[in-house]
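The values are calculated or read from the model by the stated rules, or taken from the named source; none is laboratory data. What you are looking at is a predicted structure, and each value in this text was computed from that prediction instead of being measured. For neighbour counting, all protein chains shown are included, and Cβ atoms are generated from backbone atoms with ideal geometry for every residue, glycine included.
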């Protein structure tokens, strides 16, 4: 077994492909330090400049009304529930404007599967945002929302994607992936589409030139093998994109390579939902998964850490396990916060986390193009008020769902 581990680590570190069986072996049995060293070797080969990126964005929820009732979700309310709400376009545009004032380059428009929201709703929403703020990239929704809107409007997946793309959608988020293998997915989200169907929607989007990210929620009772199977399913779809020419497996440039441009694992949060924290992933499990992901995804350009769910210490440690992106200063986030995520940071702290890990911080856009590289401490932003994250509904306050962000001057 030791020789098998060493062989797989060396092959992956050198840029070779490891099998799902080898990935599982590394995840469960490889010594932590050699595992991290191999993953970091992959990062260094891909990005020899030593740059770790971050993003400034805002996650704006248009409704919490949802018919899917996922057991891990603390955010949704059933239709006609007294606590259900939907924001009108004016309110969403106001929040977009605040994000622009804070220096955001991206918005994530996400919400529940509202029974009345078909393709027409999203066309109007994306069109309004793009018209008012063309500088904002709309990296939003996920395959689940696309399937839902297509069903409400009685159109094909292809038509739904082309219409919302034309309206202004720039990129599809990896939302709704959770766990893709059938058994754990049925256990936590029995009303949601299958993992295979989720991937089929992504394949259609990639074929139409709409790139995306891929995520994984760990800690809801899935097995180690199912975690690796989740990654295998994503890698297989990315292989198809590369073979068809929708994605470029070369990573000489930092920008998105097409198809799935990043993999983002995160940990289940246990508060206020039906699972009630009966199972959770440990920090060590998370860090090992991150490292294995960097070794396994030879065809996905970027690996993002989720300090929002794991905490800043784990986020910084992940930079030594193959991670090249520390995620975002998310100016607002409600969904994970509703389930208990309370980790907050500000721009200067996030940059310090990157720099003290002996990496060079850089602000990026949605496609991972560098907007500002902070090569020296004197290059760092000086505004202390860009803070992540303000939760308008989840953190204790007066309960107002439309509470505003404090506006600042963004450098």
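If I ask for residues that are touching a strand residue (DSSP E or B) at 6+ places or on another chain (Cβ under 8 Å) and at pLDDT below 95, which ones from region 217-235 would you list?
217, 218, 219
Return the residue satisfying two criteria in turn: it lies in region 25-58 and is closer than 23 Å to residue 226 by Cα and crowded, with 22+ Cβ neighbours inside 10 Å, and of such residues it is nearest to the chain's Cα centre (by Cα).
Filtering region 25-58 for residues that are closer than 23 Å to residue 226 by Cα and crowded, with 22+ Cβ neighbours inside 10 Å, the one nearest to the chain's Cα centre (by Cα) comes out as 39.
Here is a list: 189, 175. Which entry is within 20 Å of residue 114 (Cα to Cα), in contact with a strand residue (DSSP E or B) (Cβ under 8 Å, 6 or more places away or on another chain), buried (at least 18 other Cβ atoms within 10 Å of the Cβ) and modelled with pLDDT under 95?
175
Quick check: anything in region 230-238 under 17 Å from the mean Cα position of the chain (by Cα) and at positive phi?
No, that holds for no residue.
Among the residues of region 150-193, count how many are touching a residue at least 60 places away in the same chain (Cβ under 8 Å) and in contact with a helix residue (DSSP H, G or I) (Cβ under 8 Å, 6 or more places away or on another chain).
Total meeting the criteria: 3.
I'd like to know if region 123-139 contains one or more residues that are in a helix (DSSP H, G or I), surrounded by fewer than 21 Cβ atoms within 10 Å (Cβ to Cβ), touching a strand residue (DSSP E or B) at 6+ places or on another chain (Cβ under 7 Å) and at negative phi.
Checked against the condition, which is being in a helix (DSSP H, G or I), surrounded by fewer than 21 Cβ atoms within 10 Å (Cβ to Cβ), touching a strand residue (DSSP E or B) at 6+ places or on another chain (Cβ under 7 Å) and at negative phi, region 123-139 yields at least one hit.
To keep it simple, each residue is scored yes or no on (1) touching a helix residue (DSSP H, G or I) at 6+ places or on another chain (Cβ under 6 Å); (2) over 30 Å from residue 179 (Cβ atoms).
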residue: 82; (1), (2): no, yes
residue: 85; (1), (2): no, no
residue: 88; (1), (2): no, yes
residue: 93; (1), (2): yes, yes
residue: 96; (1), (2): yes, yes
residue: 99; (1), (2): no, yes
residue: 102; (1), (2): no, yes
residue: 105; (1), (2): no, yes
residue: 108; (1), (2): no, no
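So which residues in region 79-122 are under 22 Å from residue 154 (Cα atoms) and assigned to a loop (DSSP other than H, G, I, E, B), if there are any at all?
If the condition is that a residue be under 22 Å from residue 154 (Cα atoms) and assigned to a loop (DSSP other than H, G, I, E, B), then 79, 111, 112, 113, 114, 115, 116, 117, 118 are the ones that fit.
Determine which single condition residue 4 fails, assuming it passes every other condition in (1) surrounded by fewer than 19 Cβ atoms within 10 Å (Cβ to Cβ); (2) at pLDDT 95 or above; (3) under 24 Å from residue 301 (Cα atoms).
So the condition that residue 4 fails would be (3).
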